[in-house]
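Please read through the structure below; I'll follow up with questions.
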Amino acid sequence: MTHFTRGRLARLGLVGVAAASLLLAGCSTVGSTSDAGSSDAADDGTFTVGFAVGGQPDADWQDLQGDVAKGLADQRGWDFVELSNDNSEATATKNADIFIQKGVDMVMMFNGQPSANPVIAKKYADAGIPVVTFDIAQPGWYFVGVDNAAAGTDGGTALGELAKEKWDCKVDLVIEAEGTAAGQINTWRTGNAADAIGTVCPDIPEENYVKYEADGNLTTSLANAPGVFAAHPDAKNILVVGLNDQAVVGALQAATQLGRDGSIMGWGQDGGLITGPNVDPNLVGSVMYFLEGYPASAFEIADEIAAGNPPAVKDTGDDAAASVKPCAVTAAEAAAIPDINERVKELASAPKGTSEYDLYCKS
Amino acid sequence: MSDTTSTATDFALSASHITRRYGAVVALADASMQLRRGEVMGLVGDNGAGKSTFLKILSGAVIPDGGDIVVGGSPVSFRRPSDALEAGIETVYQDLALVDTMSAVQNVYLGREELSKNPFLRLLNVVNDGGMRKRSREVLTELGVGIQSVNVSVKGMSGGQRQCLAIARALLWGRQIVILDEPTAALGVRESAQVLELIGRLRDHGVSVILVSHNMQQLVQVADRVTVMRLGRTIATRDVADITPEGIVGLITGAIPADVSTPEDSATIVH
Amino acid sequence: MTTSLITPADPAAPRSPGGKTRRPDSRGLPVSARDALSIAGVWVALIVATTIVRPDFLSTQSLLAITFTMSITGILAVSQAIIVISGGLLDLSLPVSLIVSAWATVTVLNNGLPTWVAIPVGILTGMAWGALNGIIVVFGKLNPIIVTLATGFGGLAVMLIFFKSAQIPAQSDLRLYGLGRFLGLPNIFWPMVMVIVLGGLAFAYTRWGRRLIAVGGNASAAKARGINLRRMRLGSFIGAGAVAGLAGVMFSAVTPSFTPAAGASFQLIVIGAVILAGISLSGGKGNLLVLLLSIGFFATIPTSIAFFGLAPAWALVFQGALLIIAVGIDGYRLKRTAR
C-alpha cells in the first residue's frame, strides 16, 4: 500500500515540477513589461498616447520601441501609457479595454497575434480612438512599416554596384535565398534585390539567376544551398541575396564548405548578422531597418492628430501612412553604427522629427 | 541437475501458509505446496481460486502478506521477478515469453547474455554469440525442440515452437523449478503433445515443474501429483496415480470434501 | 541438425539450409537486407535519373554537398533511432536537444575555455537533456511523444530567455574543424560515420544493445527476464541525448550563428529517415547501416532538386511525401506480421 502511494506521489510530484517549470518558463518569457505606464491618464486635456509593445520573447527591439515612444512623448509633453501585449491575443484584447477606459487619445501598437486585431479594431472604432499599427496591417488603422520593396532594391543595387566595380558585371550566378513563407515580403526583399542587380548589370543572362528555399534561417539555408552550388559547378563569380541575413549567410557558408568561396559576395536584409565580432567575410553588406525607431514615424502622424487635423487613413503595406526608410550599409559602415541601446538614447536626445535614417544613413 | 532422487524431506520448493489480500479482498487465504525435486506438480482450481496470485508470488511478481517460501532448503523473500529467477525459479507465461524481433538464441539468452571471453571485448560489453549459439543448439537438440535455426527471428515460428523455446530456456539457464501457466492453451492437438513431451523431458533432467492447466486429460498424462485450490486455499494434494480426472473436478467444484477445513460459505471472499 | 520432433509447421517460417552458421548478425537479416536493397535501389534510381538529366551530377561537388547535408542529420537520426528501437516511440524534443548542446558548446568557447572542455560539455548537456526527458517519461509513466512535445516547447521557451542567437568564435579550433575536410569529404561527415558504425555494432553485439532491442520489442518479456525496464528506458534517453549532444557540437562547428529555433528544420528529415530505414515505431527493430542509406537518400533529394532546377519548395514536398510513404510501409509491415 505504502509503496503504491509513494510511487504515485513521486509521479505527481514530477509532473508538478515539470508543469511548474514550463509555466515558469512561459511566464518569464513575457518578462516584466506588463507594468502599466506610470502616468495615470487623468483627463486633464493633455494629449495621451497609449502604446502597446509586442512582448515577443526573442525581440528586444519591441521593448525598445516603447522606450523610444516614451522619449518622443516626453519631448512633446504628452501623457504616455505603455502596456505589453505579452505576445498573447487575450492580453492584446484586454489592453484595448484598458486604453479605452483610461481615455487615451490615440493608440500605437505591435500585435504579433493579428487574429485578435479585428476585435480590437471594433473596440477602438466604437470608442473613436485612432490606431497606428506597426508592420501588420489592419483596415482602418494607420500602417507604419519598413519599406520592404525599397529595402530589396537598395540592397540589390548596392551589391550590383560592387559586382560592376570588382568583376565588371561578369557574374556567373545570382543566388536568391528565398523564404517563400514570408510571401509578399519575400518578393519585395529577395525579388527586388535580384531585379536591382539586373538593372545595374543588365548583361547577366536570365539562366544565371537561381532560387532556392532558405526559409529565412541559416540552418535550412545551409542544408539546401550546397546542392545549388553543386548544380552550378562552373560558376566562379557568385552573388547572393535573400530574405534576411541568416538566409544569405547560410548560402555563403555552404560555398565555404564546398570550396566555392573564392569569389562570392552576399548582401543581406535586416542587419541581423552584419554586426559583431564574427561577421561572415563574404557578407559584404546588409539593409538595416532600425525597427526600434518605428515610433518616430508614428509620432509624425500623432502630431497631426494632436493638432486636430488627422491625416487620411492609409492602412496597407503598398500604401502606408508612413514608410520607415531602410538603410543599405556595407559591412564597414555597419560596424560604425552604434548598437541598439545606444541608438535609442541618441534618438531620444535628437531634435523633434529626426529618424534613425537621418542619424545613421545620411552618408 | 544430476540429483533425480527425491524424498519427502528433500523439497525443491516449499511454500507454507501464503496469504495475500488486496484491500478487503482476500485473494489468497492459505496456500501451501511442497514440490519435490524432479516432479511435475499440477495446480488446478476454478477461476478466482487464487492460482494466478499463488503463481505470481512464487515467481516474485507479487509480494505476499504472510507465509514462508523455502527454495532448495533456504528461506527466500522475493521482492521482484529477478529475485525468483536468481533463486532458480523460471516462469513461462503464455504471451509474454518471447521478443518477436529477436532470434531464438537471443531470446533464449535474453537478460543473461554471456559476455565475450576476450577480456578487451568483455570490457566493451560485447557478447559471446558463438558460445551462446553452440550451447543453445545443444540444449534444444537434447530436448528435441526442432527449429530451423537458432539464428532466425522467432516471429515466423509456430506457437508450439515458441512455447517449447520458452520452456527449454529454463533448462539452459540451469533452473531447478519451472512454472508453466497454461502452456498448451492456444495450441492445437499435435503441438500440445510436443509441449507435454518436453515437460516430461524437463522432469527427466531433474527439473521440478509446476503446471497450471484447465485440461485434466493433459494433466493426468504428464503430472506426478496435483494440488487443488478452492476459494484462496490449497485444499488437497493427490498423487495422479490415485485419482481420475473426474476426481480432480470433484475437488475443484467442492463435490468431494477438502482435506482441510474450509469456510465454504465465507462471505469475506470475493471473486 | 535436430531429430526434428517438431516439423516446420509454418510454411512462412524462414528456412536456413542445414542450419549452417549464418553471418553473426543474422537476427532479422533477411528483412534488413531487403530494406537495405530497396532503399539503395531508390537512391540509385534518384541518382541515375538526375544524372540522365544532368550528367555533371556525378561530381565531387555533389558528393561534398550530399555528405555535408548527411552529417548532422545522420547523427541526429542515430539519436532518434536509439529512442525508437528501445520502444520510446519518438523524441520530439530532438531539435531542442541539438541547440541546447550547441549553445553550451559555444558558450564554453566564448568564455575562453579550450576545445577539449567545450566538446564534453556539449555532449554532457545533451545527456542531461535526455535524462530530463527520461526521468519524466519513466517515473511519470507518461507517453514519450507527449512528454517530449512538452519539453520541446518548454525548452525552446527557456532558451529564448537565455539567448537570441549564439555565435562560435570565428578562430576557434572547433570552428576551423567545421570548415575543414578529411579524405576529401567534410570533417563533420566522419564523426557521423563513426557514430553509425559504433552504434550499429553496439546494438548488434553488446549486452546493452540486445537488452535495448528486447525492451523495445516486448517490454513484458524483457521484464520477465529480470531486465530493469526503468534503467533501460532511462539509459536509452541518456544515451540518445549523448549522441544528440555530439550532433550539437558538430552543428556549432558548421553554423556560425544560430537561434534557439534553428533545430526545427531537422525534425521532419530525421524522423523520415529513421522510419524509411525500417526502424519501426513499434520498437525492437532496426539496423543502423540501413539508416545510413536512408539518410544518404534523404540528403540527396535537395541536391537533385537543385540539379533538376525545380522550385525549391519541392524538396520539402518530396521529403514530406516520403515520410508518409515510410509510415505507411511501417504500418503495412506491422499489419502483415500480426497475421
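The values are calculated or read from the model by the stated rules, or taken from the named source; none is laboratory data. Note that the structure is a prediction, hence the values are computed from the model and not measured. We place every Cβ from the backbone using ideal geometry, glycine too, and count neighbours over all the protein chains shown. Calculation scope for accessible area: heavy atoms of the full protein, side chains included, ligands and nucleic acids excluded. Shrake-Rupley method; radii C 1.70, N 1.55, O 1.52, S 1.80 Å.
Which of C:Ala299, C:Ala244, C:Ile119 sits closest to the plus end of the dipole of chain C, meaning its Cα is farthest towards the positive end, when Lys and Arg get +1 and Asp and Glu get -1 on the C-beta?
Towards the positive end, the residue furthest out is C:Ala244.
Beyond 37 Å, what share of the Cα-Cα pairs of chain A is found? Please give it as a whole percent.
Details: 20429 of 65703 pairs.
Taking all Cα-Cα pairs of chain A, the fraction more than 37 Å apart is 31 percent.
Here is a further query. Suppose we keep just the alpha-carbon trace of chain B; what are its Rg and Dmax in angstrom?
Radius of gyration, then largest Cα-Cα span, for chain B: 19.3, 66 Å.
Hey, another quick one. Considering chain B as a Gaussian network with a 10 Å cut-off on Cα pairs, which listed residue, B:Leu121, B:Leu98, B:Leu110, attains the greatest mean-square fluctuation?
Fluctuation is largest for B:Leu121.
Now, a different point. Taking Rh as the Kirkwood radius computed over C-alpha pairs, what is the Stokes-Einstein D of the range B:95-175 at 20 °C in a medium of viscosity 1.002 mPa s, expressed in µm² per second?
My calculation gives 166 µm²/s for D.
Provide the per-residue ³J(HN,Hα) series for the range C:208-219, in order, calculated from phi with Karplus coefficients 6.51, -1.76, 1.60 and θ = phi - 60°, each as a whole number of Hz, with x at glycine and proline positions.
Couplings: 4, x, 3, 6, 4, 4, 5, 4, x, x, 7, 4 Hz.
Quick check: the angle from helix C:314-337's long axis to the longest principal axis of chain C, C-alpha only, nearest 10 degrees?
Its long axis makes an angle of about 20 degrees.
What angle do you read, to the nearest 10 degrees and between 0 and 90, between the alpha-carbon axis of helix C:115-140 and the longest principal axis of chain C?
For C:115-140 against chain C, the angle is about 50 degrees.
Hey, another quick one. Residue by residue through the range B:23-31, which ³J(HN,Hα) values in whole Hz follow from phi under the Karplus form 6.51 cos²θ - 1.76 cosθ + 1.60 (θ = phi - 60°), with glycine and proline marked x?
Going residue by residue, I get x, 7, 8, 8, 7, 9, 8, 6, 10 Hz, with x marking Gly and Pro.
Further question on the same structure: Kindly provide the pair-distance distribution of the range C:188-304 built from C-alpha pairs, with 5 Å bins from 0 and whole-percent values in order of increasing distance.
Taking every Cα pair in the range C:188-304, the percentages come to 2, 10, 16, 23, 20, 13, 9, 5, 2, 1.
If you place +1 on the Cβ of every Lys and Arg and -1 on the Cβ of every Asp and Glu, how big does the dipole about the Cα centre of the protein assembly as shown come out, in debye to the nearest 20? Walk me through the numbers before you get to the answer.
Working: 72 positive and 85 negative charges, 1151 e Å.
In total the dipole reaches around 5540 debye.
Cα axis of helix A:340-349 to longest principal axis of chain A: angle in degrees, 0 to 90, nearest 10?
60 degrees
Could I ask something else about it? Set the Förster radius R0 to 51 Å, insert the Cβ-Cβ distance between A:Asn341 and C:Ile329 as r into 1/(1 + (r/R0)^6), and round the FRET efficiency to 0.05.
The computed FRET efficiency comes out at 0.40.
Which value, in debye to the nearest 20, gives the size of the charge dipole of the range B:95-175 about its Cα centre, when Lys and Arg are +1 and Asp and Glu are -1 at the Cβ? Walk me through the intermediate numbers first.
On the way: 11 positive and 7 negative charges, 35 e Å.
Roughly 160 debye, rounded to the nearest 20.
Can you send over the carbon and sulfur percentage of the accessible area for the protein assembly as shown, probe radius 1.4 Å, protein chains only?
59 percent
Now a separate question. Which one of B:Ile147, B:Phe120, B:Ser158 has its Cα pushed farthest toward the positive end of the charge dipole of the range B:95-175, where Lys and Arg give +1 and Asp and Glu give -1 at the Cβ?
About the Cα centre, the residue reaching furthest to the positive side is B:Phe120.
Find how many whole Å separate the alpha carbon centroid of the range B:237-257 from the alpha carbon centroid of the range A:293-363.
That distance is 99 Å.
³J(HN,Hα) across the range B:204-218 via Karplus (A = 6.51, B = -1.76, C = 1.60, θ = phi - 60°), whole Hz, x for Gly/Pro?
4, 8, x, 8, 8, 10, 9, 10, 8, 7, 8, 8, 5, 4, 4
Need one word for chain C: rounded, prolate or oblate. Basis is the Cα gyration tensor (sqrt eigenvalues a ≥ b ≥ c); a/c below 1.5 gives rounded, then a/b vs b/c decides.
Oblate is the answer for chain C, as a/c is 1.5 or above yet b/c matches or exceeds a/b.
Measure out, as a whole number of angstrom, how far apart the alpha-carbon centroids of the range A:102-139 and the range C:267-302 sit.
Answer, in whole Å: 49.
In peptide C:205-213, what is the residue-averaged number of other protein chain Cβ atoms found within 10 Å of each Cβ? Please report the intermediate quantities before stating the final value.
Values: counts 8, 8, 11, 5, 4, 10, 3, 0, 5.
That works out to 6 on average.
Leaving out ligands, DNA and RNA, calculate the buried accessible area for the pair A and C with a 1.4 Å probe, summed over both sides, in Å² to the nearest 100.
The A and C chains share an interface burying roughly 3200 Å².
Any idea of the total accessible area buried by the B-C contact, 1.4 Å probe, rounded to 100 Å²?
The B and C chains share an interface burying roughly 3900 Å².
Another question, if that's okay. Just the accessible area per residue of the protein assembly as shown, please: how many Å² with a 1.4 Å probe? Can you show the working numbers first?
On the way: 39430 Å² over 973 residues.
Heavy-atom accessible area per residue stands at 41 Å².
Next question. Given points 7 Å out from each Cα along the Cα-Cβ axis, report the C:Lys164 to B:Ala241 separation in nanometres with one decimal.
Those two pseudo-labels are separated by 9.2 nm.
Using only DSSP helix segments of four residues or longer, with each worth -39500 (n - 2.57), what per-residue ellipticity at 222 nm results for chain C after dividing by its residue count and rounding to 500?
About -23500 deg cm²/dmol.
Classify the range A:88-168 as rounded, prolate or oblate from the Cα gyration tensor: take a ≥ b ≥ c as the square roots of its eigenvalues, call it rounded if a/c is under 1.5, otherwise prolate when a/b beats b/c and oblate if not.
Prolate shape, in that a/c is at least 1.5 and a/b is the bigger ratio.
Run the reach check for A:Lys102 against lysines, Cα to Cα strictly under 20 Å, same-chain hits fewer than 8 apart removed. What comes back?
A:Lys70, A:Lys94, A:Lys122, A:Lys123
So what's Rg/Rh here for the protein assembly as shown, counting alpha carbon atoms and using the Kirkwood radius for Rh?
Ratio of gyration radius to Kirkwood radius for the protein assembly as shown: 1.10.
Taking H as built 1.01 Å from N, whose amide H comes closer than 5 Å to the amide H of A:Val240, not counting residues under 5 places away?
Placed amide hydrogens put A:Ile175, A:Met265, A:Gly266, A:Trp267 under 5 Å from A:Val240.
Moving on. Looking at the square roots a ≥ b ≥ c of the eigenvalues of the Cα gyration tensor of the range A:148-288, which shape do they give, rounded for a/c under 1.5, prolate if a/b is larger than b/c, or oblate?
rounded
Pull up all non-local amide H partners of A:Lys211: gap of 5 or more, or a different chain, and H-to-H distance under 5 Å with H placed in the peptide plane.
Those lying under 5 Å, H to H, from A:Lys211 are A:Glu176.
Now for a different question. Check A:Leu273: other-chain or 5+ apart residues with amide H under 5 Å from its amide H, H built from backbone geometry?
Here the answer is A:Asp245, since their amide H atoms fall under 5 Å of that of A:Leu273.
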